[in-house]
Amino acid sequence: MQLEQVIDIIKPNKILNYNKKVEIKGISYNSQLTKSADIFVCLQGEYSDGHNWAKMAKDRGAVALLCERELDIELPQLIVDSTRNKIADLSALLYNYPTKNLNLIGVTGTNGKTTVTHLLQKIYEANNEKCALIGTLGYKMSGNDTYHDAKHTTPQAPELQATLSKIVDNGIKNTVMEVSSHALEQNRVGQCHFSGAVLTNLTQDHLDYHITMDNYFDAKSILFKNLKEGDFAIINADDQYTERFLAIIPEKVKVLTYGIKNTADVFASNVQFEPTGVSFDLAVQNKIRRVKLIMNGLFSVYNALAAIATSIASGLDLDIVINVLEQTAGVAGRFEIVNNKPLVIVDYAHTPDGLENVLKTAREITPENGNLVCVFGCGGDRDATKRPKMGAIADKLSDKLIVTSDNPRSEDPQQIISDILTGIQSISPQRVFVEPDRGVAISMIKKIATENDVVLVAGKGHEDYQILKDKTIHFDDREEVKKLYA
């Protein structure tokens, strides 16, 4: 694309060193990854300012700069108020606005995004509709189980638009995407047209970034505020923010609700738990039918209801939808059973609400003569206020606890553990164990748990790494458990 095309779209406040002959072939915001003929975007990051790396970007081949202040560099410079906002416009232009050719459904919420998107992809494909997926586990094309690393739950705008363009080029018409609050706040999904938006729930998380729950809500609400006439919104009727979300959805957007506690368009009742799964009565379209999932937990019922409501709004065959749900075992690292005696479950739960939900589900399948053991920690450099809350939840709902590290990052693991322990009422050495080394903590399961017990290893789920202060190491909870009982 020509520089003048960029100017037409970006509408910069000021232009320096303009050269209409400049042709741009790519976008970069990391100077080390800049290629010849790139436009380099100077992003203000949490720890680094891209303006300080513009000279390196030029040396690596950048032919223009998108920046927020004038730089002493002999390259065309487009000066704007916010490069973070404009990078999405630039990316969509470079890839010719791929979402204009896609039925794009965004799923947002604190918990459940990964499972709901995976369910929807399976449902679309069972309805003979090609569907791609973008989210926490990476992105994958239709009919292909290979994940490609996407770095973030929702990629940065250049990578996102490149991925969406690749999806279109592969002849895929539908895409389901996890949309994080960070992505919405930072406009990574700018210039994406969503045909539908789904809310799973809104509970405490990411307050290290958003500071308040109101800010967190405001970020999530962007996805729904931008819907247009003919689009649809799917809302969890049982969430404490339900009414606030319903109030900001534009007129002439189709709205469907789902729930268990409150009357909804897609409603579940008579929920029953068994070790082999959960079943419920589904009331939808003036009919009631029994649904039996091989996934477990009340959260799985909510995820299934979200997928059903989205499928109805999308005009998909309900019989096929229910058949897919009843045959789906779940998503990697989400209530994943990795050993049978004792029953050891690995789950990604890393928020107070998430931990409470999975522990309640684990309790439902714990034998009367067995104990529920919980192994968990909290991440470093993240919202510290949730640590004692998660400690209190684990203390209340578990019989025995092993408190350990998660991804400590730059923080002292012992300090994180101390924060967790402040939420535990009585630190009895018979039921509360502390071990900062996560590998050692998991190995303790063999001494603490009997064959009749249920063990939940929470926090990392599908992750196969651990982020320490000075390095990132390979670490997979599932592998550790399997080695223990090999």
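The values are calculated or read from the model by the stated rules, or taken from the named source; none is laboratory data. Since the structure is predicted, the reported quantities are computational estimates derived from the model, not experimental observations. All Cβ positions, even for glycine, are placed from backbone atoms using ideal geometry, and neighbour counts span all protein chains on display.
What's the number of the only condition in (1) modelled with pLDDT of 95 or more; (2) under 20 Å from L160 (Cα atoms); (3) in a helix (DSSP H, G or I) that I9 fails to meet?
Result: I9 passes all but (1).
Restricting attention to segment 357-378, and to residues there that are modelled with pLDDT of 95 or more and under 22 Å from T203 (Cβ atoms), which single residue is nearest to the chain's Cα centre (by Cα)?
Only one residue fits best here, namely C378.
From I322, I260, which residue is over 23 Å from L246 (Cα atoms) and either among the hydroxyl-bearing types (S, T, Y) or assigned by TED's automatic domain parsing to the domain that holds I235 (or both)? Walk me through it before giving the result.
Values: I260 fails: over 23 Å from L246 (Cα atoms).
The match here is I322.
If the requirement is being farther than 18 Å from T361 by Cβ, exposed (fewer than 15 other Cβ atoms within 10 Å of the Cβ) and not assigned by TED's automatic domain parsing to the domain that holds N357, which of these qualifies: Q240, Q272? Full working, then the answer.
Numbers: Q272 fails: farther than 18 Å from T361 by Cβ.
Just one listed residue meets the conditions, Q240.
Please go through segment 225-265 and give me each residue that is assigned to a loop (DSSP other than H, G, I, E, B) and of a type in the set (D, E), ordered by number. Talk me through it step by step, then tell me what you get.
Keep residues of segment 225-265 that are assigned to a loop (DSSP other than H, G, I, E, B), which gives 226-231, 237-241, 249-253, 260-265.
Of everything in segment 225-265, those that are assigned to a loop (DSSP other than H, G, I, E, B) and of a type in the set (D, E) turn out to be E229, D231, D238, D239, E251, D265.
Just checking, how many residues over segment 82-102 are assigned to a loop (DSSP other than H, G, I, E, B) and farther than 15 Å from A162 by Cβ?
1
Answer yes or no: is there a residue in segment 82-104 that is under 27 Å from G461 (Cα atoms) and under 21 Å from the mean Cα position of the chain (by Cα).
Going residue by residue through segment 82-104, those that are under 27 Å from G461 (Cα atoms) are 104.
Checking the rest, the ones that are also under 21 Å from the mean Cα position of the chain (by Cα) come to 104.
The answer is yes; a qualifying residue exists.
Could you list, in sequence order, all residues of segment 26-81 that are farther than 23 Å from I9 by Cβ and assigned to a loop (DSSP other than H, G, I, E, B)?
Listed by number, the residues that qualify are G45, E46, Y47, S48, R60, D72, E74.
Assess whether L199 counts as being closer than 24 Å to N144 by Cα, crowded, with 22+ Cβ neighbours inside 10 Å and either β-branched (V, I, T) or within 16 Å of the chain's Cα centre (by Cα) (or both). Give the derivation first.
Working: closer than 24 Å to N144 by Cα: no; crowded, with 22+ Cβ neighbours inside 10 Å: yes; either β-branched (V, I, T) or within 16 Å of the chain's Cα centre (by Cα) (or both): yes.
No: the conditions fail for L199.
Taking segment 140-170 only, how many residues are in contact with a Pro (Cβ under 8 Å, 6 or more places away or on another chain) and not β-branched (V, I, T)? Break it down stepwise before answering.
Step one: of segment 140-170, the residues in contact with a Pro (Cβ under 8 Å, 6 or more places away or on another chain) are 161, 163-165, 167-168.
If we keep only those that are not β-branched (V, I, T) too, we end up with 161, 164-165.
Selection size over segment 140-170: 3.
Given the residues T114, T136, T108, which is the only one that is of a type in the set (S, T, Y), within 18 Å of L325 (Cα to Cα), in contact with a strand residue (DSSP E or B) (Cβ under 8 Å, 6 or more places away or on another chain) and in the same structural domain as D231 (by TED's automatic domain parsing)? Give the derivation first.
Working: T136 fails: within 18 Å of L325 (Cα to Cα); T108 fails: within 18 Å of L325 (Cα to Cα).
When all the criteria are applied, what remains is T114.
Step by step: first the residues of segment 331-349, then only those that are crowded, with 20+ Cβ neighbours inside 10 Å and out of contact with any strand residue (DSSP E or B) (no Cβ under 7 Å at 6 or more places or on another chain), then the one that is farthest from A384 (Cα to Cα). Which residue is that?
Per the criteria, the residue is V331.
Considering each of G190, G171, G106 in turn, give the residue that is outside any helix (DSSP H, G or I) and crowded, with 24+ Cβ neighbours inside 10 Å.
On the way: G190 fails: crowded, with 24+ Cβ neighbours inside 10 Å; G171 fails: crowded, with 24+ Cβ neighbours inside 10 Å.
None of the others qualify; the one that does is G106.
So in segment 147-168, with the set limited to residues that are out of contact with any helix residue (DSSP H, G or I) (no Cβ under 6 Å at 6 or more places or on another chain) and part of a loop (DSSP other than H, G, I, E, B), which one is modelled with the highest pLDDT? Don't jump to the end; show me each part of the working.
First, pick out the residues of segment 147-168 that are out of contact with any helix residue (DSSP H, G or I) (no Cβ under 6 Å at 6 or more places or on another chain): 147-153, 155-156, 159-160, 162-163, 166-167.
The next check asks that each one be part of a loop (DSSP other than H, G, I, E, B); those that pass are 147, 149-153, 155-156.
Numbers: Y147: 83, D149: 76, A150: 62, K151: 61, H152: 66, T153: 69, P155: 83, Q156: 90.
Ranking the candidates gives Q156 first.
Can you name the condition, by its number, that L293 falls short on among (1) surrounded by fewer than 20 Cβ atoms within 10 Å (Cβ to Cβ); (2) free of Cβ contacts under 8 Å to residues at least 40 places away in the same chain?
(1)
Report whether or not E4 is assigned to a helix (DSSP H, G or I) and among the acidic types (D, E).
Numbers: assigned to a helix (DSSP H, G or I): yes; among the acidic types (D, E): yes.
Yes; evaluated as a whole, the condition is true for this residue.
Being among the β-branched types (V, I, T), touching a Pro at 6+ places or on another chain (Cβ under 6 Å) and either outside the structural domain of T200 (by TED's automatic domain parsing) or more than 28 Å from G330 (Cα to Cα) (or both) is the requirement here; does V455 meet it? Give the steps one after another, and end with the answer.
Values: among the β-branched types (V, I, T): yes; touching a Pro at 6+ places or on another chain (Cβ under 6 Å): yes; either outside the structural domain of T200 (by TED's automatic domain parsing) or more than 28 Å from G330 (Cα to Cα) (or both): yes.
The answer is yes for V455.
Could you check segment 385-486 for helices (runs of 4 or more DSSP H) lying wholly inside it with 1 or more residues that are surrounded by fewer than 18 Cβ atoms within 10 Å (Cβ to Cβ) and among the hydroxyl-bearing types (S, T, Y)?
Details: elements: 386-397, 413-421, 438-443, 445-448, 477-484.
Once the helices (runs of 4 or more DSSP H) in segment 385-486 are filtered for at least 1 residues that are surrounded by fewer than 18 Cβ atoms within 10 Å (Cβ to Cβ) and among the hydroxyl-bearing types (S, T, Y), what remains is 413-421, 438-443.
For segment 114-146, enumerate the residues that are assigned to a loop (DSSP other than H, G, I, E, B) and under 15 Å from the mean Cα position of the chain (by Cα). Walk me through it before giving the result.
Looking only at segment 114-146, we keep the residues that are assigned to a loop (DSSP other than H, G, I, E, B), and these are 127-130, 136-137, 141-146.
Scanning segment 114-146 gives T136, L137.
What is the number of the single condition among (1) farther than 20 Å from V331 by Cβ; (2) at pLDDT 95 or above that A384 does not meet?
Unmet condition: (2).
For V358, are the conditions met, namely being β-branched (V, I, T), closer than 25 Å to D239 by Cβ and touching a strand residue (DSSP E or B) at 6+ places or on another chain (Cβ under 6 Å)?
Details: β-branched (V, I, T): yes; closer than 25 Å to D239 by Cβ: yes; touching a strand residue (DSSP E or B) at 6+ places or on another chain (Cβ under 6 Å): yes.
Spelling it out, V358 is indeed β-branched (V, I, T), closer than 25 Å to D239 by Cβ and touching a strand residue (DSSP E or B) at 6+ places or on another chain (Cβ under 6 Å).
Could you please find all residues in segment 6-28 being closer than 21 Å to N187 by Cα and out of contact with any helix residue (DSSP H, G or I) (no Cβ under 6 Å at 6 or more places or on another chain)? Quick ask: steps written out before the conclusion?
Within segment 6-28, the first condition is being closer than 21 Å to N187 by Cα, and the residues that meet it are 6-13, 26-28.
Answer for segment 6-28, where residues must be closer than 21 Å to N187 by Cα and out of contact with any helix residue (DSSP H, G or I) (no Cβ under 6 Å at 6 or more places or on another chain): V6, I7, D8, K11, P12, N13, G26, S28.
Exactly one condition in (1) farther than 24 Å from E479 by Cα; (2) in a loop (DSSP other than H, G, I, E, B) is false for H350; which is it?
(1)
Please state which one of A313, A309, A304 is in the same structural domain as T203 (by TED's automatic domain parsing), in contact with a Lys or Arg (Cβ under 8 Å, 6 or more places away or on another chain) and small (G, A, S). It would help to see each step written out before you state the result.
Details: A309 fails: in contact with a Lys or Arg (Cβ under 8 Å, 6 or more places away or on another chain); A304 fails: in contact with a Lys or Arg (Cβ under 8 Å, 6 or more places away or on another chain).
Testing whether each residue is in the same structural domain as T203 (by TED's automatic domain parsing), in contact with a Lys or Arg (Cβ under 8 Å, 6 or more places away or on another chain) and small (G, A, S) leaves just A313.
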